[in-house]
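Structure, as structure tokens:
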Amino acid sequence: RSHRAARAAGLCPGGDFSYIGPSAFLRGDVLVPHGTRGTQRGEFGHVSYQGAWDMGQRHGKGCSYRANGSIEFDGEWFQDGYSEGEFYQANGRLEYAGSFDPDNNLPHGAGTFYFADGSRHEGKFVHGHFHGMGRVFGAGGELIVQGRYEMGRIVEGRTDPDFEFYAGSSSARS
């Protein structure tokens, strides 16, 4: 069903998005998306989200898109926030795959962060920071750093001989 008629009747506030899906309901005079699949379109008609809805929130399997059409997030949603999946940069490069904190959409739990140079960090995250045990691999797959992190800083572990270990951090040798 299309809810354009509901928008035309003034049942969707703002007029800057539309919802097309199998079900929705009215809460007062506002149309609320609900169901296993639906499409949200942005102000200029581009698809901004396709997936499951629960009581007006993105919830369950879904994919969000940027205005340029590139994928932003693909995975599981929880009460309108990222839960588990993949986050992409605007240029289409995968930046992170794993668990998120749905309250702030930051990496939280187990995951992999992909650096622009092709290297990656695999491990635990807390509020977007490396935290707990983690490993950094170079672009060729070689282990560079393995250790324990606290809020983004390595506090103990071992590094590749091409890296010097300093208290609380690591840096590449020139």
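The values are calculated or read from the model by the stated rules, or taken from the named source; none is laboratory data. From a predicted model like this one, the values you see are computed outputs, not experimental measurements. Cβ sites come from the backbone with ideal geometry, for glycine too, and all protein chains shown count toward neighbours. In case anyone asks, the SASA skips ligands and DNA or RNA and just uses the protein heavy atoms, side chains included. Shrake-Rupley method; radii C 1.70, N 1.55, O 1.52, S 1.80 Å.
So the values come out like this:
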| read-out | value |
| --- | --- |
| Search result, residues across segment 112-153 that are on the phi > 0 side of the Ramachandran plot, within 21 Å of the chain's Cα centre (by Cα) and either of a type in the set (Gly, Ala, Ser) or open to solvent by less than 40 Å² (accessible area, probe 1.4 Å) (or both) | Gly118, Gly123, Gly128, Gly132, Gly152 |
| Yes/no for Ser169 being open to solvent by less than 60 Å² (accessible area, probe 1.4 Å), modelled with pLDDT under 90 and within 26 Å of Phe100 (Cβ to Cβ) | yes |
| Filter result for Tyr96 (open to solvent by 20 Å² or more (accessible area, probe 1.4 Å) and of a type in the set (Ser, Thr, Tyr)) | no |
